[in-house]
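Q: My questions all concern the structure below.
The values are calculated or read from the model by the stated rules, or taken from the named source; none is laboratory data. Treat the numbers as computed from the prediction; the structure is a model and nothing was measured. Heads up, the Cβs are rebuilt from the backbone with ideal geometry, glycines too, and the neighbour counts pull from every protein chain shown. What goes into the accessible areas is simple: the full protein's heavy atoms, side chains included, and nothing from ligands, DNA or RNA. Shrake-Rupley method; radii C 1.70, N 1.55, O 1.52, S 1.80 Å.
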Amino acid sequence: MSSPVPPVFAVPVIIFVVAVFLGRRVLLNGTAIDRLLNRALAWTALSLILLERGIAPRFGSLLHQLSMGATMLGIASLFGAALLWADAAPRLAARRQRFFDLAAAASVLLILIIGTPYRRAGTLLGQDSSWQEFVVSAVMWIPLIAVGTLVWRAGLRELRGGEVTRYERVVFTALLATPFIASASLASSIARHTGHWQADDPGLTRWAAPNFGTVFVLAAMLAVPLIELLSARTGWNRAGRYCRRLRPLWRDLTAAVPEIVLPTTDSTPPDARLLRMTVEIRDALMQLHRYLPTDKATELGPPSSTRYARQLRQAIAARRDGAAPATAPREADRFGAPSSDIDSDIRRLLDLARIWRSREIRTATTDMTDFVAKPSLDG
């Protein structure tokens, strides 16, 4: 008895699903929803493995029925997660899930009982348009449709909320498309029962292929937060990249004004580190503005990032040399003033950091690398 999906396609999908499950099990298992999603991913991965009946052809009929059973147990976990996502009472989650798990276990037993004649004959449950296939299809599709309905409602609610990022919009859209992928199996079963499709399908590819597609999409969506977490921990998310780009500017400014450096730890996440660097850069700028030179060129046009960076270099040198700070605000203060929008503020500082590293700015004043011990930013 051969496998319904060629190994060249099935094996990479199975490896991917198992890898996502293991990663989430280690790193994303703290909330009730995450635990239920991880359980669902484990059961569906087992379902895909059991569908590869070619690994044990003698027991192909049993493996097929056990694959259905693993799918039912996965649906039970998805149902619990979908209810929590739909704002069901969290305090009743454990009791609800026990009921769902018991119902799923009962459905597995029912599948095995109904499938006994098929196992004895060495055929697959669902190959013929029998009442057994109808019962099993109903047992599987009723809870699956219920899960799909909950997901649709919650997904549409999030999309209509107007506060979703582009990444979240893509994920929710893919999530809404998942029931259509899964429904291909239901459509084929209905067509066979109504006599509208009589194509030869001894391996039940019509059931296995949508199952593989649905599980792959589910695993891909659940991999996104895992990838985000890993990129944050390794510093390769957006906050980590911004920190690296701001570091030369932050290092020079905090070396000039070391008293504004805040305490930190090695475990500071990139988002918090970026906010801290932004605050420290702004605090340093406020101190250095008192040493900015009077630049008559500002009267010829609006302040520029290049001119401002050059003046900051001169302010650092003036502070180092013991010059008296000014009491009145300088013209360049208007350019260096913080924005009320943190994102706009970070973009302005990134632009300043880019110019700060240019040769023109680095050679605008005397070399300042040795005038004071530089603090270090852990992480």
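Q: At 0.36 nm per residue, and after removing the present C-alpha to C-alpha distance, how many nm does the segment from ARG153 to LEU109 gain when stretched out fully?
A: Fully extending the segment from ARG153 to LEU109 adds 12.7 nm.
Q: Here's another thing I want to ask about it. Using the alpha-carbon centroid of each, what span in Å lies between the range 90-134 and the range 240-266?
A: First find each Cα centre; the distance between them is then 60 Å.
Q: If I take R0 = 35 Å and measure r between the Cβ atoms of THR31 and GLU259 in this structure, what FRET efficiency does the formula 1/(1 + (r/R0)^6) give, to the nearest 0.05?
A: On the way: r = 41 Å, r/R0 = 1.18.
The value I calculate is 0.25.
Q: Can you work out D for the range 236-279 in µm² s⁻¹ from Stokes-Einstein, where Rh is the Kirkwood radius over C-alpha pairs, the temperature is 25 °C and the viscosity is 0.890 mPa s?
A: Translational diffusion coefficient: 227 µm²/s.
Q: To the nearest 0.05, what FRET efficiency results for ASP343 and ALA89 with a Förster distance of 45 Å applied to their C-beta separation?
A: Working: r = 37 Å, r/R0 = 0.81.
Here the calculated transfer efficiency is 0.80.
Q: If you build the Cα gyration tensor of the range 1-116 and take the root of 5 times each eigenvalue, what three semi-axes come out, in whole angstrom, biggest first?
A: Equivalent ellipsoid of the range 1-116: 28, 19, 8 Å, largest first.
Q: Moving to a separate point now. For the range 205-247, just the Cα atoms, rotate onto the principal axes and tell me the three extents in Å, largest first.
A: Answer, in whole Å and largest first: 55, 13, 9 Å.
Q: Rounded to the nearest 10 Å², what accessible area does TYR308 show when all protein chains are kept and the probe is 1.4 Å?
A: 10
Q: Taking R0 as 41 Å, what FRET efficiency do you get between ARG169 and ALA323 from their Cβ-Cβ distance, rounded to the nearest 0.05?
A: Details: r = 53 Å, r/R0 = 1.29.
Once the sixth-power term is evaluated, E becomes 0.20.
Q: Could you work out the local net charge near SER77, counting Lys and Arg as +1, Asp and Glu as -1, over the other residues with Cβ closer than 14 Å to its Cβ?
A: +4
Q: Any chance you could look up the accessible area of ILE49 with a 1.4 Å probe, heavy atoms only, rounded to 10 Å²?
A: 70
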